[in-house]
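Asker: The following block contains the structure, expressed as C-alpha cells.
No lab work stands behind these numbers, since they all come straight from the coordinates. For clarity, every value in this text was computed on a predicted model and none was experimentally measured. When we count neighbours, we look across all protein chains shown, and the Cβ atoms used for this are built from the backbone with ideal geometry, even at glycine.
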Amino acid sequence: MATADGHGTDSTVPARGGPGERPLAPSRKFNSGHWVGFSTRERPVRTAFLSDIHSNWPALEAVLEDLGGLPEVEQVICLGDVVGYGADPVRCLDHVRGSGWPTLVGNHDRACTDAAVLGWFNADAASAIRWTIEQLDGERLGWLRDLPERSERGGALLVHGSPRDPIYEYILDPYTALENLQLVGERLCFHGHTHVPGVFHVEQEDLAHDYDLGAIELRAPALVNPGSVGQPRDGDPDASYGLWDPEHGTFEFRRIPYDRDRAKRAIIEAGLPGRLAARLDFGR
Ligand SMILES: [Fe+2]
C-alpha cells in the first residue's frame, strides 16, 4: 500500500500536512472542466502509458528502446510532466511533441507558463523550472500551455493528478483514492503525478492497492498509475511505465534500468540543484 510518508514530497508544498491534502480551489473541482484535447477512439487499443518524464532523456531513451521491442503496442499516451527536475527539457519535449502522443498537462508543465503555480513549488523544483523556461522557446512553451487537463481514450479517463483535481492532487492514500474512485463511475482512470506505480481499486468492499512487475488484472473502476519514467519515488530507481491491454483487461508494469550517471551528470553540468541528481539513485 502506498502511503503518504514522503512519496509525495514533490514540488508543491502541501498546506495541510499530507501531500494529497492541498486545499482544492473550487474552480478545479471535478465538474469544472471539459474533456478536451483529443478525440475518443471507439476501439480501445493496446496502449503504453508514460508519465512524469521530467526532462530525463536517458530514462526516456531507455523506455523507447524497450517499447521498440513491443510491436503490439498501438499507441503511446503521456500523462504529463514532460519537463521539470531534469536537464534535457528540449530533447524530451521535442520527442513527445514530435511523436504526436496524446499528452496531458502536469503541474511542472503548467508552472512553465503560470507564475502562480510556480509560486507553490519548493526551492529545488522552482529553480529547475526557471532554468527550464530559459531553455524553451516560445513555440515549445506554447505547446506546454495548450496541453489539455483531462481527456479520454478507449472509454478511460486520463489526467495527470486525479479525476477531481486533474493537475494538482496526489492520489497516495486510501481516503483520497476512494473519493476519486467515486467520481469515475464504472471506468478506468489513468493518472500519474505521485511517481508511485500501482492500481487503486475496491475489492470485497475494501480499498486495495496493487503493484507487481508484469501483468495484473484490471477491473473498473480503478485508478491506474504507471509510475514515473524520469524520477521514480517508490524506492526503485529504474524507469517505470506500463502497458494497458484492454482486450485482455490487464495492465503490465515494466521497469527499465537506464544510464543514471548520464542523467545525473547533465543535471550537475546544467547547474541545477545537486539533490535532483542524487535522488535518482534512490528512487525517491
Ligand atoms: Fe511529476
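Asker: Residues of segment 45-70 with the amide nitrogen closer than 15 Å to a label point 7 Å from the Cα of Glu247, along Cα-to-Cβ, please.
Answerer: Under cut-off, by backbone N: 45-48.
Asker: Most fluctuating residue of Pro166, Pro44, Pro148 in a GNM of the chain with Cα springs under 10 Å: which is it?
Answerer: Judging by the Gaussian network model, the answer is Pro44.
Asker: For the chain, with only Lys/Arg (+1) and Asp/Glu (-1) charged at the beta-carbon, what is the dipole magnitude about the Cα centre, in debye rounded to 20?
Answerer: Computed about the Cα centre, the dipole is about 740 debye.
Asker: How do Phe190, Phe121 rank when sorted from fewest to most other Cβ atoms within 10 Å of their own Cβ?
Answerer: Lowest count first: Phe121, Phe190.
Asker: Based only on other Cβ atoms within 10 Å, what is the fewest-to-most ordering of Trp57, Trp120?
Answerer: Neighbour counts put them in this order, fewest first: Trp120, Trp57.
Asker: Using 0.36 nm per residue, how much length does the chain from Glu134 to Ala215 gain when fully extended, once their Cα-Cα distance is taken away?
Answerer: Fully extending the segment from Glu134 to Ala215 adds 25.1 nm.
Asker: Sticking with this structure for a sec: Would the chain count as rounded, prolate or oblate if I go by the C-alpha gyration tensor, calling it rounded below 1.5 in a/c and otherwise prolate when a/b exceeds b/c, oblate otherwise?
Answerer: Because its axes are fairly even, with a/c under 1.5, the chain counts as rounded.
Asker: Taking loop as defined by DSSP and a crowding limit of 10 other beta carbons within 10 Å, which trypsin sites (Lys or Arg not before Pro) in segment 209-268 fit?
Answerer: Qualifying residues, ordered by number: none.
Asker: Which of Asn122, Gly235, Pro197 sits closest to the plus end of the dipole of segment 44-281, meaning its Cα is farthest towards the positive end, when Lys and Arg get +1 and Asp and Glu get -1 on the C-beta?
Answerer: Asn122
Asker: Under a plain spin-label model, where a point goes 7 Å from the Cα along Cα-to-Cβ, how far apart in nm are Arg187 and Ser99?
Answerer: Spacing of the two 7 Å Cα→Cβ label points: 2.4 nm.
Asker: How high is the relative contact order of the chain, in percent, counting Cα pairs under 8 Å that sit 6 or more residues apart?
Answerer: Dividing the mean separation by the residue count of the chain yields 24 percent.
Asker: Among Ile171, Ile256, rank each residue by its count of other Cβ atoms within 10 Å, from fewest to most, as a rough exposure measure.
Answerer: Ascending number of Cβ neighbours within 10 Å: Ile256, Ile171.
Asker: Over what distance in Å are the Cα centres of segment 49-114 and segment 162-216 separated?
Answerer: Taking the Cα centre of segment 162-216 as reference, the centre of segment 49-114 is 21 Å away.
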